[in-house]
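Below is one structure; the comments refer to it alone.
The values are calculated or read from the model by the stated rules, or taken from the named source; none is laboratory data. Remember, it's a predicted structure, so these values are computed and weren't measured experimentally. As a convention, Cβ positions derive from the backbone with ideal geometry for all residues, glycine included, and neighbour counts pool all protein chains shown.
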Number of protein chains: 4
Amino acid sequence: MTAKKLKVGIVGGTGYTGVELLRLLSVHPNVTLTAITSRGDAGSAVADMFPSLRGYVDLAFSDPAQANLSECDVVFFATPHGVAMGQAQTLLDAKVKLIDLAADFRLQDTAVFEKWYKLPHSCPNVLREAVYGIPELYREKIKSAQVIGNPGCYPTTVLLGLAPLLEQGLIDYSAPIIADSKSGVSGAGRKAEVATLFAESSDSMKAYGVAGHRHHPEIYAQLTQLAGTELHFIFVPHLIPMIRGMLSTIYVKLSEKAKSVDLQALYEQRYQHERFVDVMPTGSLPETRSVRGSNQIRIALHRQAEAGYLTLVVVQDNLVKGAAGQAVQNMNIMFSLPENTGLEVVPFLP
Amino acid sequence: MTAKKLKVGIVGGTGYTGVELLRLLSVHPNVTLTAITSRGDAGSAVADMFPSLRGYVDLAFSDPAQANLSECDVVFFATPHGVAMGQAQTLLDAKVKLIDLAADFRLQDTAVFEKWYKLPHSCPNVLREAVYGIPELYREKIKSAQVIGNPGCYPTTVLLGLAPLLEQGLIDYSAPIIADSKSGVSGAGRKAEVATLFAESSDSMKAYGVAGHRHHPEIYAQLTQLAGTELHFIFVPHLIPMIRGMLSTIYVKLSEKAKSVDLQALYEQRYQHERFVDVMPTGSLPETRSVRGSNQIRIALHRQAEAGYLTLVVVQDNLVKGAAGQAVQNMNIMFSLPENTGLEVVPFLP
Amino acid sequence: MTAKKLKVGIVGGTGYTGVELLRLLSVHPNVTLTAITSRGDAGSAVADMFPSLRGYVDLAFSDPAQANLSECDVVFFATPHGVAMGQAQTLLDAKVKLIDLAADFRLQDTAVFEKWYKLPHSCPNVLREAVYGIPELYREKIKSAQVIGNPGCYPTTVLLGLAPLLEQGLIDYSAPIIADSKSGVSGAGRKAEVATLFAESSDSMKAYGVAGHRHHPEIYAQLTQLAGTELHFIFVPHLIPMIRGMLSTIYVKLSEKAKSVDLQALYEQRYQHERFVDVMPTGSLPETRSVRGSNQIRIALHRQAEAGYLTLVVVQDNLVKGAAGQAVQNMNIMFSLPENTGLEVVPFLP
Amino acid sequence: MTAKKLKVGIVGGTGYTGVELLRLLSVHPNVTLTAITSRGDAGSAVADMFPSLRGYVDLAFSDPAQANLSECDVVFFATPHGVAMGQAQTLLDAKVKLIDLAADFRLQDTAVFEKWYKLPHSCPNVLREAVYGIPELYREKIKSAQVIGNPGCYPTTVLLGLAPLLEQGLIDYSAPIIADSKSGVSGAGRKAEVATLFAESSDSMKAYGVAGHRHHPEIYAQLTQLAGTELHFIFVPHLIPMIRGMLSTIYVKLSEKAKSVDLQALYEQRYQHERFVDVMPTGSLPETRSVRGSNQIRIALHRQAEAGYLTLVVVQDNLVKGAAGQAVQNMNIMFSLPENTGLEVVPFLP
């Protein structure tokens, strides 16, 4: 049996989503890592920067200008916002598929994009064809997509947490949907900044982005699309002293119709064939470590009968299902591989 | 000047609220530590268990049965729920004041107490005279109280966070008040349990008590009292991998009346003479470390104009303002000492 | 192709080495998990205790008395010291191979065993046939072993760190060998104890076992065997606020002969065919996270020319190469599987 | 009683030693904070950068060029190496005393200084008069000093740990003194760097500076002075995932003479009048948290009889006794205040 081997490029391999892609792709049975670019570190061995990859990745970082990305089957962009859209058309012209882990292809409304990212969108026509990469919501479109806007980490938890309710019209939109989300510090990226130093962010926590966070419009756009209506959405992210892990606690007012629905059964049914979505038994209290290092997302439902509310608790590893793992899942779909290929990493506990 | 010296006893000095009382009281200028009891550790030096106290506390733990607590001016109970009520009447008869850091004197409704703590209340008449010990709400009553029910850690954040709104009737009670609270692991106490081992609770987080937490009825009772009306209250606590620190994110729907009120000014005015309540400037994002080790509580207001909601972020050190520090603050008031005596500990950062 | 499937039993599956065995074996291509025993938790699903295993382990814990371990090909003991030796002869009689992750089969001198473990050794004849399970030192014997004494975590770092020097006689034994070792808290096990609570062991560190640690005689016995001479060995372990990870800093006085030896080359040559031993380039400073979750051990050499000393820095994941991973490596060897089967887990970083 | 109030300036108040000085000095009864300089943050309120100081420090950072430091009684330099020596003569001419927390006045040998700090020493004559600021070793000189070179954090642990042996000639210098030291991450300072990000340095540890660390020559110079002889000294620092705290494990070969000496008694006697040095009972295992936030240093002795070695375990808070606290202790001595003034902060535990 000769396995199909995809030639894979990674643009921007020095951040956390980059090294996480490398962790997953270096042992993916259908992948040949072909190029990993980094402007600043061109020429140095990847495994010198990330000794965890010694023995798994032999490549050196190459200069983006010289990397032959057009020979790849697929290129992942693990770059700052705005980079992927500059190279998208060229790659597409060379029949290369593209998965962007930044925000360039997440927001269909370019005005919203420009407001939040302070950048004009340079390829709106490519954007129009791009698919928002949550397989459990948009699998069919992903199959034939040339460009994936891989979702933000927070949106993945909120959208998969709410999708069954939204799809069935079980939310009373007169009250706002509230997502109180908590993220490990790796979510802030591998940038040298005082605020995320160990001595600043350990043994402490804080809310941030209360006045407005870039994932708010991204979640909002998807929520309204899934709901088919306008709604109010309050989103407060928090920074938690852990490396990986994300937990969203979501508060929704149930509609009259929902009162007679077995929501636990609804969720179990909705996700019964989803390898990476685990609806926990009623009353469960999932811990982020239960998904550490894996592409799993776990959802638990708690009904606050008296107030007519439902509280959802959703956990994922922000770097896997929230970023690199979901990107690989999208790649598998795009190339007709079994969706879990290379993603059967058992979570680490402890 | 001869300072008045209070003879102070601590029942149950081996937990975190116990050692925190010792940290504060051992250098309190008006206190003589007279007895520290522990059934299991009687006879052993306090500083052997807590080497941090070497040079500050020379006492040994004494057997509760033999400690001469009736000679004290005030006795703190840093014990499991149910202990203080067994000794309250005897101490009161001996003219000893009593500050209970457990729940025995927090809930005026004994049926509610018995439901949540699975214990009959053994001294309802003492309970009736007990004062709920949040000085910023009940200072006058505390001055003449013989028995203080020192509040739970979570309630202190939620109640001081909401008091100005409740007092002024600025909340629309048709929507539930939602408190999404996060606590450091010391809040779980110094008990040998698997769930709070370092290897279990580090680098991970979880929600807990979603189906019902003992602080819910405590907060609820105070909320309805301050509001003067029934209301809905949703409370979800979370366990965060940090030693100390508590942050509550509170979501409330503002009433019509509130829309024309300068809430920032309201809060600043309400707390302007409160030494331990810090209303942060508009838009602030307080970190728990900004109060680490101190009796300070900090509040920040964020208005979600569109949804008609207000988001409050409240931080405190759960062992200080949330427990031992507030207890000492209550003691100072009960004995007519300046309220900040012994409590001017500058927070630790980093 | 029909892969050979081994029937595997685990006795004592509720501790950290137990769950780590489960993480590795549940996706091992040649293993069928047959029984996982736990006296206290018999009947409950393994994945209820460890939700990280949901979807990977469907078994429930079974009662040790009723588990049909004699039908297994191999049984791992992830139990307290003293359990394996009670069942060894029965299993051997049933042709079951046995890998003990506790200390029962590590020390050939039963008097030393009894002194340090306060237990008489109940099967000295089995012990005599047992092999000390470091593949890089005793691979040939492991191939035909029926019983493996899987090494302690600290010994693995010290012995693999020193083996090339000991084998070549490059140490001056007039000075003691000093191993200053540091371990993450998971090394203390999953027992409910105050000392290893998050609030006790986070943001702090300590030395322990300075007056004598059980791994001292284990290391000492191996050192003298490899050296072929008596020597002095000082061992000070430390507890570090991290979940996993172990780092040993080893100080040795080099012999005259060593002064003309290229030690870096010696180490690289000695371990060139060892999949799991990584001799880092000269001057490297390995971090424990570079092996997190993997069976890798990394060694770096630093020569202190002036003092005639060599400093070795050795890192491993204490639960993998220091316990469960090495046990699986031993199993692979005992059953003639490729040594790295099921062990190609890329380390997690960050 | 009118307390003498010192006018105090701090140059470089934005790093960890700066904010720690502010924590201690803002409530020091004999201090008036007069100026806190920062080139980059001039004009902004100190409490905006460090909200922990709200209510304690009302000053804004001032521009170094405009701060009237010459009106101060004493100026602390919490600056990078090389800054203090540029301003020393001017301040001395204005009768201002100077305490440098960097390295400018720690090494009497300017060639050694220049080798390790890559800077020429610009005021060797001031240096000659400077006193190395460990009060327990050089108290008399500190009393009349105009300039203090406040010691490095590591040197304080090693020197106070070894001083009694060195003074009494109880070490066999034929073997090297080995200090295996461990530091919390705050020791790396408040600089934006990738290596000390939370996601890089949490849940991991490493050795560093094995090939040479700036504190080696500093310790070496003091060791040889106290020993009165040449010796070998091996020093390996390690970075530990905790905010504060430092632990040095020190291995020394005892001289023949030492074999009949009660070393525990020797240490207790040597430090009996030292407020900030705590010789722990025989066999103690001090934790770094036992000194968290305080100026205490704790020492425990462990004799390795067989090998003729003594192992010392020394703990301190690297930012207090290892930096700002010792600096304040020096100030107290220089101005004839009780040595513990402003330093009676009870350590935080948990």
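Among the listed residues D:I299, D:I333, D:I243, which satisfies the condition of being of a type in the set (V, I, T), at negative phi and part of a helix (DSSP H, G or I)? Even if it seems obvious, please write down each step before you answer.
Values: D:I299 fails: part of a helix (DSSP H, G or I); D:I243 fails: part of a helix (DSSP H, G or I).
Exactly one of D:I299, D:I333, D:I243 is of a type in the set (V, I, T), at negative phi and part of a helix (DSSP H, G or I), namely D:I333.
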All conditions in (1) in a loop (DSSP other than H, G, I, E, B); (2) out of contact with any Lys or Arg (no Cβ under 9 Å at 6 or more places or on another chain); (3) not β-branched (V, I, T) are true of B:A65 except (2)
Any residue in region C:73-80 that is among the charged types (D, E, K, R) and not in a loop (DSSP other than H, G, I, E, B)?
no
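Which ones in region B:12-41 are basic (K, R) and part of a loop (DSSP other than H, G, I, E, B)? Write out each step before concluding.
Filtering region B:12-41 down to residues basic (K, R) leaves B:23, B:39.
Scanning region B:12-41 gives a single hit, B:R39.
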For C:D93, work out the one condition from (1) touching a residue at least 12 places away in the same chain (Cβ under 8 Å); (2) surrounded by fewer than 21 Cβ atoms within 10 Å (Cβ to Cβ); (3) more than 17 Å from C:A42 (Cβ to Cβ) it doesn't fulfil.
(1)
For region A:182-238, enumerate the residues that are surrounded by fewer than 22 Cβ atoms within 10 Å (Cβ to Cβ), in contact (Cβ under 8 Å) with a residue 24 or more places away in the chain, hydrophobic (A, V, I, L, M, F, W, C) and part of a loop (DSSP other than H, G, I, E, B).
A:L231
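Does C:V328 meet the test of being within 25 Å of D:V210 (Cα to Cα) and not assigned by TED's automatic domain parsing to the domain that holds C:K97?
Numbers: within 25 Å of D:V210 (Cα to Cα): no; not assigned by TED's automatic domain parsing to the domain that holds C:K97: yes.
Taking the combined requirement at face value, the residue does not satisfy it.
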Please count how many residues of region C:239-263 are more than 21 Å from the chain's Cα centre (by Cα) and either at the interface with another protein chain (Cβ under 10 Å from one of its Cβ atoms) or surrounded by fewer than 24 Cβ atoms within 10 Å (Cβ to Cβ) (or both).
12
Selection from region B:31-68 of residues crowded, with 20+ Cβ neighbours inside 10 Å and touching a residue at least 40 places away in the same chain (Cβ under 8 Å) yields B:V31, B:F61, B:A67
Note on C:A78: of the conditions (1) within 26 Å of C:G245 (Cα to Cα); (2) surrounded by fewer than 22 Cβ atoms within 10 Å (Cβ to Cβ), unmet is (2)
Look at region A:333-350 and say how many of its residues are free of Cβ contacts under 8 Å to residues at least 12 places away in the same chain and away from chain C (no Cβ under 14 Å).
1
Among the numbered conditions (1) at the interface with another protein chain (Cβ under 10 Å from one of its Cβ atoms); (2) over 16 Å from the mean Cα position of the chain (by Cα), tell me where A:L319 comes up short.
(2)
Which residue pairs have Cβ atoms under 6 Å apart, sit 6 or more places apart or on different chains, and have a first residue in region A:260-272 that is assigned to a loop (DSSP other than H, G, I, E, B) and a second that is surrounded by 12 or more Cβ atoms within 10 Å (Cβ to Cβ)?
A:Y271/A:V277; A:Y271/A:V279
Of all residues in region B:268-310 being more than 11 Å from chain A (Cβ to nearest Cβ) and among the hydrophobic types (A, V, I, L, M, F, W, C), which is farthest from A:V210 (Cα to Cα)?
B:F276
Scan region B:188-206 residue by residue and report those that are more than 17 Å from A:M205 (Cβ to Cβ) and either of a type in the set (A, V, I, L, M, F, W, C) or touching a Ser or Thr at 6+ places or on another chain (Cβ under 6 Å) (or both).
B:A192, B:V194, B:A195, B:L197, B:F198, B:A199
With respect to the numbered conditions (1) under 18 Å from the mean Cα position of the chain (by Cα); (2) without any contact (Cβ under 8 Å) to a residue 40 or more places away in the chain, which one is the sole condition not fulfilled by A:I142?
(2)
Being among the charged types (D, E, K, R), touching a helix residue (DSSP H, G or I) at 6+ places or on another chain (Cβ under 9 Å) and within 20 Å of D:G308 (Cα to Cα) is the filter here, so list the residues in region C:171-206 that pass it.
C:D172
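Restricting to region A:101-149, and then to whatever is charged (D, E, K, R) and in a loop (DSSP other than H, G, I, E, B), can you tell me which residue is surrounded by the fewest Cβ atoms within 10 Å (Cβ to Cβ)? Reasoning before the result, please.
Keep residues of region A:101-149 that are charged (D, E, K, R), which gives A:104, A:106, A:109, A:114-115, A:118, A:128-129, A:136, A:139-141, A:143.
From what's left, in a loop (DSSP other than H, G, I, E, B): A:104, A:106, A:109, A:118.
Numbers: A:D104: 29, A:R106: 27, A:D109: 12, A:K118: 9.
Ranking the candidates gives A:K118 first.
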When you look at D:G9, is it more than 14 Å from chain B (Cβ to nearest Cβ), over 21 Å from D:K191 (Cβ atoms), touching a strand residue (DSSP E or B) at 6+ places or on another chain (Cβ under 7 Å) and in a loop (DSSP other than H, G, I, E, B), yes or no?
no
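Confirm whether D:E306 is free of Cβ contacts under 8 Å to residues at least 24 places away in the same chain and assigned to a loop (DSSP other than H, G, I, E, B).
Details: free of Cβ contacts under 8 Å to residues at least 24 places away in the same chain: yes; assigned to a loop (DSSP other than H, G, I, E, B): yes.
Answer is yes for this residue.
Being assigned to a strand (DSSP E or B) and among the hydroxyl-bearing types (S, T, Y), is that true of even one residue in region A:288-296? Full working, then the answer.
First, the residues of region A:288-296 that are assigned to a strand (DSSP E or B): none.
No; the residues of region A:288-296 include none that is assigned to a strand (DSSP E or B) and among the hydroxyl-bearing types (S, T, Y).
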Within region B:44-57, which residues are farther than 19 Å from B:V11 by Cβ and in a loop (DSSP other than H, G, I, E, B)?
B:R54, B:G55, B:Y56
